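Structure record follows, encoded as structure tokens.
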Amino acid sequence: MDLGLPIFLLIVVFYTVVAVWLGRRSITMPMFFLAVGALTGANGLGWFNISTTSEDVQILIEVTLALLLFADSSTLDLHQLKVDARLPARLIVLALPLVIFLGGLLAFALFPQEGIGFALLMGAILAPTDAALGLPIFTNERVPVRIRRALNVESGLNDGVATPFVTLFTALAVAEVTQKFAGWFTSALLDIAIAFAVGAALGMLGGWLLAIALQRGLTSRASEQIGTLALALATYFGSVALGGNGFIAAFVGGLFFSYITRHRQHQIMEFTEVTGTVLSLFVWTIFGSTLVIPLITAFNPLALFYAILSLTLIRMLPVALSLIGTHFRRDTQLLMGWLGPRGLASVVFTLIAFDSFQEIARPYGILFAIAGWTILLSVLLHGFSALPLAGWYGNRLKTAPPSIPELLDVPDLKPRQNRHINLQRAPTPLADSSNQPD
């Protein structure tokens with residue numbers, strides 16, 4: 001048996017032992033496992049020989065995102081968010097489409113030879129944000145609840161909302177190469193429609209069965225968690241088997257599951273979330289082993305320039321435009337604009353686009369270069385800046401008048417509304433067990 005897997009698992013054990021210590025030094029989980037992949041992969045020490053063309057690897061990568069999409073959408077309590085829904089709605093409904101199309105416009109300006117489909121695809125791939133890369137901001141109580149809530153909800157929803165755009169623009173990019181434009185749009189819409197139908201049907205059915213079982217005492221907490229994990233997987237694979245997009249199905253399935261269970265099943269999603277988080281360790285390692293070193297050895301300055309634009313102008317300008325009328329301070333707008341870390345969804349979307357390009361023998365080097373530099377810079381810059389930025393922003397608000405809109409009195413985030421598993425938060429000391437009831 002190859003020693004690569006046991007070595008990787010021992011590295012995971014080591015990480016869990018020092019996770020809190022690393023977190024205090026702004027070394028995030030994605031940062032750590034990117035480094036592990038780069039150092040130990042085929043382009044480094046050669047301990048792991050992982051190919052992104054392997055079917056098993058592709059399934060693992062896709063299942064990881066599907067589980068997290070289902071968990072994110074199913075644990076979002078929309079009823080609780082009604083008290084301040086306009087702010088996250090601005091980021092999802094206004095800012096996200098602007099990010100996609102501005103990203104596509106600048107990608108086409110820099111890489112016109114790749115075509116408009118490819119340019120729009122890059123805009124969609126790099127639009128979703130990942131709160132896991134900036135947890136010190138999302139969990140810091142010195143940052144106002146309104147800001148944390150809006151960014152948290154945006155991160156939980158925008159990867160699912162961006163998925164149909166990725167599907168459409170992947171089909172367009174493929175059609176541009178094959179010159180088979182007839183039917184590409186209707187085919188992509190059919191994929192989306194099948195996914196929506198499968199997700200809605202299985203999400204409602206699973207939610208209804210679970211609600212009935214709970215009412216009649218037919219299930220246990222452990223079996224509920226296994227059942228929801230199986231439901232998320234069934235939704236994804238069921239849609240794929242019927243010719244639909246599995247990610248859209250998982251996202252929609254989670255939304256309907258949450259609606260049917262009246263948002264009361266947050267605890268039973270923990271197993272699904274943890275499973276997705278564990279699998280994400282592999283995904284970040286695969287990304288590090290296959291892309292990090294080639295980014296340097298086959299350096300593309302235009303790709304790096306676009307990555308810088310993607311993390312700044314392409315994100316910050318749409319966010320600022322979406323916040324017109326909120327009367328937020330400039331430092332708040334800058335903070336919210338900067339906090340758009342590109343994470344797991346962008347990694348998976350990149351690898352899916354790579355798979356589609358391979359099927360038509362389209363060169364994919366520029367795809368990896370643009371997405372790779374953007375994600376790598378985001379992991380490093382957002383990871384290292386989140387903790388000091390939270391402190392800087394919190395200190396500035398100390399002298400702000402209490403009437404500013406950022407400090408609007410809204411209920412604080414409940415524990416399950418901060419849906420991202422935090423591997424780097426120190427455990428809360430247990431109370432004296434002698435004072436606890438039996």
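The values are calculated or read from the model by the stated rules, or taken from the named source; none is laboratory data. On a predicted model such as this, the values are computed, not experimentally measured, just so you know. Positions of Cβ are backbone-derived with ideal geometry, glycine not excepted, and every protein chain shown enters the neighbour counts. These accessible areas exclude ligands, DNA and RNA; they are computed on the full protein's heavy atoms, side chains included. Shrake-Rupley method; radii C 1.70, N 1.55, O 1.52, S 1.80 Å.
Tabulated values for the structure
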{"read-out": "Cα→Cβ-extended label distance, 7 Å offset, between Arg330 and Val274, nm", "value": "4.7 nm"}
{"read-out": "Largest-first principal axis extents of the Cα set of region 312-374 (Å)", "value": "50, 16, 16"}
{"read-out": "Sites Ile296 and Leu381, calculated FRET efficiency, Cβ-Cβ separation with R0 25 Å, nearest 0.05", "value": "0.90"}
{"read-out": "Residue-count net charge about Ala249 - beta-carbon cut-off 15 Å; Lys, Arg +1, Asp, Glu -1", "value": "-4"}
{"read-out": "The chain - accessible surface per residue (Å², probe 1.4 Å)", "value": "44 Å²"}
{"read-out": "Rounded to whole Hz, the Karplus (6.51, -1.76, 1.60) HN-Hα couplings of region 26-36, x for glycine and proline", "value": "6, 9, 7, 4, x, 4, 4, 7, 4, 5, 4"}
{"read-out": "Tyr364-Arg86 pseudo-label distance in nm [points 7 Å out on the Cα-to-Cβ vector]", "value": "4.5 nm"}
{"read-out": "FRET efficiency estimate (nearest 0.05) - Cβ-Cβ, Leu60 to Arg142, R0 30 angstrom", "value": "0.20"}
{"read-out": "Separation of the Ile226 and Trp21 label points, Cα + 7 Å toward Cβ, nm", "value": "3.7 nm"}
{"read-out": "FRET efficiency, Leu5 to Asp355 (Cβ-Cβ, R0 25 Å, nearest 0.05)", "value": "0.60"}
{"read-out": "Length-normalised contact order of the chain in % [C-alpha pairs under 8 Å, at least 6 apart]", "value": "30 percent"}
{"read-out": "Using θ = phi - 60° and Karplus 6.51 cos²θ - 1.76 cosθ + 1.60, couplings along region 362-371 (whole Hz; Gly, Pro as x)", "value": "7, x, 10, x, 5, 4, 5, 5, 5, 5"}
{"read-out": "Stretchable slack from Ala400 to Ala197, in nm (0.36 nm times residue separation minus alpha-carbon distance)", "value": "68.2 nm"}
{"read-out": "Radius of gyration, Dmax [region 23-175; alpha carbons; angstrom]", "value": "18.2, 53"}
{"read-out": "Table column - 3J(HN,Hα) (Hz), region 39-48, Karplus curve with 6.51, -1.76, 1.60, x for Gly and Pro", "value": "7, 10, x, 4, 8, x, 6, x, 6, 10"}
{"read-out": "Net charge of Cβ neighbours under 14 Å - reference His327; Lys, Arg +1; Asp, Glu -1", "value": "+3"}
{"read-out": "Spherically averaged projected area in nm², based on the convex hull that wraps the Cα atoms of region 240-382", "value": "12.2 nm²"}
